[in-house]
Amino acid sequence: MLHDLRYAFRTLRRSPGFTLSVILALALGIGANTAVFSVVDAVLLKPLPYADPDRLVRLYERNAAQGIERGEVSPGTFADWRTRTRTLESVALSTLNQSLWQFGDRYDIVTFSAVSPALFDLFRVKPMLGRTFRPESQQDRRGGDTGDVVISFDLWQRRFGGSSSVLGRSVSVEGRFPLQIIGVMPRGFSYPAGVEAWGNFVVPLPISDEQRQGRYYDVVARLAPHATITAARAELAGLSTQMAVEHPSSNSGWTVQVEGLSESTTGRARTALLMLLGAVGGVLLIGCANVANLLLARATTRRREMAVRVALGAATWDLVRQYFIEALLLAAAGTGLGVVLGTWITQIVIRFAPPDVPRLGEIAMNVRLLLFTGSAGLVSAVLIGLVPALQARRAEQHGRLRPDGRAATDRASHLRRVLIFAESALVILLLTGAILLLRSFVKLRGVDLGFDARSVLSVELRWPTGRFLVPQRHPWVMLQQQVNDLIASIESVPGVEAAGLVTDLPLAGDVTSGSMWRADAPGASDRTPPASAGDQWQADVNIVTPGYFRALGIPILRGRNFAPGDRLTEQQLTDFDVPRSGVAIVNTAFAARYFPHEDPIGRRVVLLDDETFGAARTIVGIVGDVRAHAVAEAGSPAVFLPHAEHPDVFRPMVAVRSTLPPDAIAPAIRERVREFDPELLVMRTRPMEDVLSGALSRPRFNLLLLGSFALLALTLSAVGIYGVVAFIVTQRTREIGVRMALGARPGNVVTLVLTDGLMPVLAGALAGIGAATVATRALRTLVFGVTPLDPVSFALSPVVLIGVATLACVLPAVRATRVDPIIALREE
C-alpha cells in the first residue's frame with residue numbers, strides 16, 4: 001500500500017497541470033457544499049440551545065376567515081390554555097419591544113421582553129447570578145416583582161463589565177422608571193431571539209370579554225411527559241371550540257396553531273436552504289463528472305502502461321487499487337482546499353444573508369460539519385476513481401493495447417458521453433431554478449408598491465417615555481404639541497417638500513394590527529363588540545400626520561385627507577367624561593373587504609385599542625393600498641388615525657420627501673432635530689429605497705446563491721464539454737484525415753464534431769427539463785409573478801446550455817479542420 005501511495009504521488013507530480021485542475025474542480029464543489037451545509041447545520045440541524053428542545057412548541061391563534069394563520073394570542077386565551085390543558089406541562093407568554101435605558105450620561109436601546117414568571121422554568125434555565133421572578137402564586141397581584149428585571153449575559157458584559165456587584169443595582173428605563181436587577185442569565189440564553197432583558201408580567205385576573213378581544217402576546221409551551229404534539233393539537237383545538245361557545249364575542253372563529261419551536265423559528269428559511277444545499281450538491285456532482293472525464297482520458301493514454309503491468313503479473317485488484325489511491329490523493333487535496341474555500345464562501349453567505357435568517361451567529365466548525373466535508377471528499381474519491389478503475393479492468397481482460405485503441409467506437413468515448421449527458425441534465429436543473437428566481441425577482445422589483453420610495457428619507461426618532469409622564473397630568477397634550485412642532489420644524493428645512501409621521505413605515509418591519517367593528521353592527525353598543533364574530537374585523541392600524549400620504553406619494557382616491565380640525569382638545573385629552581369623536585381613513589382593501597356593497601365614507605367604526613382617545617370614528621377618506629408587510633404580499637386592510645386625535649407615539653417615524661437626494665439632506669434633518677429637542681434621539685436615518693432593498697433581501701439572497709451555483713455549474717460543464725470534445729477529436733485524428741483525403745470539406749468536419757459533441761448535451765437537456773418539471777415545484781413558495789412551470793424559464797435554460805456547449809465545441813471543431821490528411825495517412 002505504501003508503495004502504491006508513493007507511486008501515485010510521483011505520477012500526479014509529473015502532471016502538475018492535470019493535478020491542479022482536478023484539485024481545483026473538486027475544491028470548488030466541496031467548498032460550496034461545506035459553506036451551505038455550515039449554514040444548514042446552524043439554522044436547521046443544530047438543536048435549539050434549550051433543554052429537550054424537541055418538547056418545546058409555539059402556540060398561535062388562527063382565524064381562517066380573516067386570513068390569519070399565525071396570530072398573536074389574547075390574554076384570555078392564554079389563561080384558558082394554561083389552566084385547562086393536560087398535554088402541556090407549562091405555558092408562558094412574552095412581548096417584545098425596544099426600551100430606552102440610561103447608563104450614566106448615555107442612553108442605549110435595549111431589546112426588552114415582558115414575560116410570564118414561568119418562562120425560565122419552562123426552558124429549564126437557571127440564572128448564573130441572582131434569581132429570576134417568583135412564581136405567580138407567590139406574588140402580590142398589585143405589585144410582586146414588577147419593579148425587577150433580569151438581564152442577559154451579553155448586556156451584563158457590555159454595560160456592566162461583568163461585575164458581580166450588578167445585583168441590586170437600579171437602572172433608569174425611559175428616563176423615569178427605575179428597575180432593579182435581580183439576576184443575570186447564562187451566556188447564550190435569549191428568548192425571544194435577541195432579547196437582552198426580561199421584565200415580569202402577570203396576566204391580571206379576571207379577564208373581561210372586552211380584554212379578550214386584544215391579541216398581543218407570543219406564547220411558548222413545553223409538552224407534558226409522554227404527550228405528543230399531535231395530542232396537544234387535538235386537545236387545544238377542542239379547547240378552542242369550548243372557548244368559542246363560552247366567549248362568542250371574542251373567540252368565535254378562532255382556533256389554535258401548534259408548531260414545534262424549532263420549526264417555528266426556522267420555518268421561513270427551511271425551503272430556501274434545502275434548495276441551496278441541493279444546488280451545491282449538483283455542483284459537486286458536475287465537478288466529479290468533469291474530473292472523471294479527465295481521469296478517463298488519462299487512463300486511455302495509460303493503457304500501454306497498464307497492459308505492461310498486467311503482462312508482468314499485476315492482478316485486476318492491483319490496477320483498481322492504484323487508480324483509487326490516486327483518486328483518494330486528489331480528493332484529499334481537493335477537500336483540504338475546499339475547507340479553506342468553504343470558510344471564505346461562508347463569510348460571503350453570512351454577509352449577504354437577510355437579517356431574518358435565524359442563528360447565523362452560531363455557525364462554527366463542529367463534528368457534523370467535519371463529517372459532512374469528509375464524506376463529500378470520500379464520495380468524490382469513489383465517483384472519480386470508479387471510471388478509470390473500470391478501464392483498468394478492461395486492460396487486464398485484453399492484456400495489451402488494441403491497434404484500434406483510438407477508434408471512434410471506443411467504449412471510453414461512450415462513457416464520456418454518458419458523463420456529459422449527466423452534467424447537462426444537472427446544469428438544466430440548476431439553470432431553470434436560477435432563471436425562475438431571476439424572473440421572480442424582476443417581477444418583485446417591478447411591482448406597484450402603492451407608494452413612491454424615490455427621494456424619501458425615513459427618520460427613526462425616540463423620546464424617553466418618562467419625560468412625558470408627569471404626576472397628575474396626562475402626557476397626550478404635550479405629545480400632541482411636540483409632534484406638531486417637530487413636523488413643522490422638519491418641513492422648514494430647505495429642500496423638504498413634505499414630511500409626515502407614521503407609527504409603522506411600510507416594509508420596515510412588523511405592522512401593528514387591531515380589532516374593530518362597525519358601530520351599527522348587531523349587538524354592538526359603545527365599547528361592547530358585536531354578538532357575531534363575523535362582524536369583528538382585523539386590520540392594520542397606523543397613526544399618521546396629514547403630510548404622511550404626500551411624503552410617500554400615497555394617493556387619496558376618495559374623500560379627504562386629515563384636516564387641522566381633526567384633533568382632540570386639551571379638555572378632551574384630559575377629561576374622559578367629555579364627549580369625543582374622531583375620524584379615520586381606510587384603504588381600498590379595507591373598503592372592498594368590509595364594505596363590499598356600500599360606500600364606507602361616512603360610516604362609523606369602533607377600534608378596540610382606541611379606548612383612551614375616543615369611541616366611534618367616522619371614515620372620511622379612502623387611500624390606495626400599500627404593500628406594508630412584504631413586497632410579495634398585496635395590500636391588506638388598513639386604517640389610518642390622525643395623530644392629533646391619538647397622540648400616544650413616543651417613537652415617531654418620519655417620512656421626508658425632498659428635492660435633494662436622501663443622503664444629502666440627512667445631515668440637515670439631524671441638525672434640525674437636535675436644535676428642536678436635544679433629548680429627542682435620532683436612532684437612524686436611511687433612504688426609503690434602502691428600506692425597500694432590505695425588504696427584497698431574502699429573494700435577492702436566494703437568487704444570488706442559486707444563480708452563482710448555476711453559473712459555476714455551467715462553467716464547469718462548458719470546460720468538461722470542451723475537454724471531452726477536444727480529446728475525442730485527438731482520438732479521431734486518423735479518421736478525420738481519411739475523410740478529408742476522400743473529399744470531406746471543412747464544413748463537413750465541423751458538422752461532424754459539433755454533432756458528436758452536442759448529441760449528449762441535447763439528450764441531457766431533455767432529461768434535465770423532465771427533472772426540472774418535478775423539482776421546481778419545491779420553489780413555489782419562493783417565486784412571485786411566475787409559476788414553477790414557467791415556460792420562459794424552461795425554454796431559456798436549454799438555450800443557454802446549448803449555446804455555451806456549442807461555443808465549447810467550436811474550438812476543437814475548427815482545430816479538426818486543420819488536420820493534414822497526408823500526415824494522417826502516412827501515420828496510418
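The values are calculated or read from the model by the stated rules, or taken from the named source; none is laboratory data. All figures in this text were calculated on a predicted structure; none of them were measured in a lab. Reconstructed Cβ throughout: ideal geometry from the backbone, glycine too, with neighbour counts over all protein chains shown. We work out accessible area using only protein heavy atoms, side chains counted, and drop any ligands, DNA or RNA first. Shrake-Rupley method; radii C 1.70, N 1.55, O 1.52, S 1.80 Å.
Within the stretch 622-638, residues that are of a type in the set (D, E, K, R) have Cβ atoms under 6 Å from residues that are open to solvent by less than 20 Å² (accessible area, probe 1.4 Å) and assigned to a strand (DSSP E or B) in these pairs: D625/N587, counting only partners at least 6 apart in sequence or on another chain. Evaluate the stretch 196-209: report whether one residue or more is open to solvent by 10 Å² or more (accessible area, probe 1.4 Å), modelled with pLDDT of 85 or more and under 27 Å from the mean Cα position of the chain (by Cα). Yes, that holds for at least one residue.
When residues in the stretch 669-686 are screened for being open to solvent by less than 20 Å² (accessible area, probe 1.4 Å) and within 21 Å of A628 (Cβ to Cβ), 0 of them pass. One residue stands out in the stretch 565-592 among those that are open to solvent by 10 Å² or more (accessible area, probe 1.4 Å) and among the hydrophobic types (A, V, I, L, M, F, W, C): the one that is nearest to the chain's Cα centre (by Cα), namely A589.
Residues in the stretch 13-42 that are at pLDDT below 85, part of a helix (DSSP H, G or I) and either among the hydroxyl-bearing types (S, T, Y) or open to solvent by less than 10 Å² (accessible area, probe 1.4 Å) (or both): T19, S21, V22. Inside the stretch 687-696, residues that are surrounded by 16 or more Cβ atoms within 10 Å (Cβ to Cβ) and among the small types (G, A, S) make up a count of 2. Determine, yes or no, whether L507 is touching a helix residue (DSSP H, G or I) at 6+ places or on another chain (Cβ under 8 Å), in a loop (DSSP other than H, G, I, E, B), open to solvent by less than 40 Å² (accessible area, probe 1.4 Å) and among the hydrophobic types (A, V, I, L, M, F, W, C). Answer is yes for this residue. Across the stretch 345-367, the qualifying residues are those that are open to solvent by 100 Å² or more (accessible area, probe 1.4 Å) and farther than 20 Å from D690 by Cα, and the one among them that is modelled with the highest pLDDT is Q347. Which residues, taken from the stretch 79-103, are part of a strand (DSSP E or B) and among the aromatic types (F, W, Y)? Passing the criteria: W101, F103. Counting only helices (runs of 4 or more DSSP H) that sit completely within the stretch 697-799, those holding 3 or more residues that are under 30 Å from G446 (Cβ atoms) correspond to 697-731, 746-775.
Among the residues of the stretch 776-817, those identified as surrounded by 17 or more Cβ atoms within 10 Å (Cβ to Cβ) and more than 30 Å from I728 (Cα to Cα) are T776, L779, L782, V783, F784, V786, P788, D790, S793, F794.
When the stretch 55-101 is filtered for residues that are open to solvent by 60 Å² or more (accessible area, probe 1.4 Å) and among the hydroxyl-bearing types (S, T, Y), only T83 remains. The sole residue among G559, G547, G495 that is more than 30 Å from R62 (Cα to Cα), buried (at least 23 other Cβ atoms within 10 Å of the Cβ) and under 40 Å from the mean Cα position of the chain (by Cα) is G547. Taking residues in the stretch 351-374 that are at positive phi, and partners anywhere that are among the small types (G, A, S) and surrounded by 18 or more Cβ atoms within 10 Å (Cβ to Cβ), the pairs with Cβ atoms closer than 8 Å and at least 6 places apart or on different chains are R359/A42.
Taking residues in the stretch 323-342 that are more than 15 Å from L371 (Cβ to Cβ), and partners anywhere that are of a type in the set (D, E), the pairs with Cβ atoms closer than 6 Å and at least 6 places apart or on different chains are I325/D4.
Only residues that are surrounded by 21 or more Cβ atoms within 10 Å (Cβ to Cβ) and part of a loop (DSSP other than H, G, I, E, B): list them for the stretch 454-463, please. Result: W463, single match. For S164, the conditions (1) surrounded by fewer than 16 Cβ atoms within 10 Å (Cβ to Cβ); (2) under 31 Å from the mean Cα position of the chain (by Cα); (3) at pLDDT below 90 are fulfilled apart from (2).
Determine, yes or no, whether E259 is under 18 Å from F78 (Cα atoms), open to solvent by less than 40 Å² (accessible area, probe 1.4 Å) and not polar (S, T, N, Q). So E259 passes the test.
Scanning the stretch 224-262 for residues that are assigned to a strand (DSSP E or B), over 21 Å from G214 (Cβ atoms) and β-branched (V, I, T) turns up just one, V258. The residues listed here are L88, L93, L100; of these, the one that is touching a residue at least 24 places away in the same chain (Cβ under 8 Å), under 31 Å from the mean Cα position of the chain (by Cα) and closer than 15 Å to P192 by Cα is L93. All conditions but one from (1) open to solvent by 10 Å² or more (accessible area, probe 1.4 Å); (2) modelled with pLDDT under 65; (3) part of a helix (DSSP H, G or I) apply to A392; the one that does not is (1). The set of residues from the stretch 646-668 being open to solvent by 10 Å² or more (accessible area, probe 1.4 Å) and not hydrophobic (A, V, I, L, M, F, W, C) comprises H646, D648, R651, R657, T659, P661, P662, D663, P667. When both residues are 6+ apart or on different chains and their Cβ atoms are under 9 Å apart, which pairs have a first residue that lies in the stretch 785-798 and is under 11 Å from T773 (Cβ atoms) and free of Cβ contacts under 8 Å to residues at least 60 places away in the same chain, and a second that is part of a helix (DSSP H, G or I) and of a type outside the set (A, V, I, L, M, F, W, C)? Going by the 9 Å Cβ cut-off, the qualifying pairs are L789/T773; L789/T776; L789/R777. Among the residues of the stretch 210-228, just one is of a type in the set (V, I, T) and surrounded by fewer than 16 Cβ atoms within 10 Å (Cβ to Cβ), namely T228.
With respect to being of a type outside the set (S, T, Y), open to solvent by 30 Å² or more (accessible area, probe 1.4 Å), within 27 Å of V125 (Cα to Cα) and in a helix (DSSP H, G or I), R187 falls outside the description. Selection of the stretch 756-765 for residues being open to solvent by 40 Å² or more (accessible area, probe 1.4 Å) and either free of Cβ contacts under 8 Å to residues at least 12 places away in the same chain or under 14 Å from A718 (Cα atoms) (or both) yields only L762.
If the condition is being in contact with a strand residue (DSSP E or B) (Cβ under 9 Å, 6 or more places away or on another chain) and of a type in the set (G, A, S), then the stretch 195-220 contributes A197, G199, G214. When L703, L680, L758, L742 are checked against the criterion of being at pLDDT 90 or above and of a type in the set (A, V, I, L, M, F, W, C), a single residue qualifies: L703. For the stretch 518-531, does any single residue satisfy the condition of being within 32 Å of the chain's Cα centre (by Cα) and without any contact (Cβ under 8 Å) to a residue 40 or more places away in the chain? Looking through the stretch 518-531, none of the residues is within 32 Å of the chain's Cα centre (by Cα) and without any contact (Cβ under 8 Å) to a residue 40 or more places away in the chain.
Quick check on the stretch 473-490. Is at least one of its residues in a loop (DSSP other than H, G, I, E, B), in contact with a strand residue (DSSP E or B) (Cβ under 6 Å, 6 or more places away or on another chain) and over 21 Å from P600 (Cβ atoms)? The answer is no; no qualifying residue exists.
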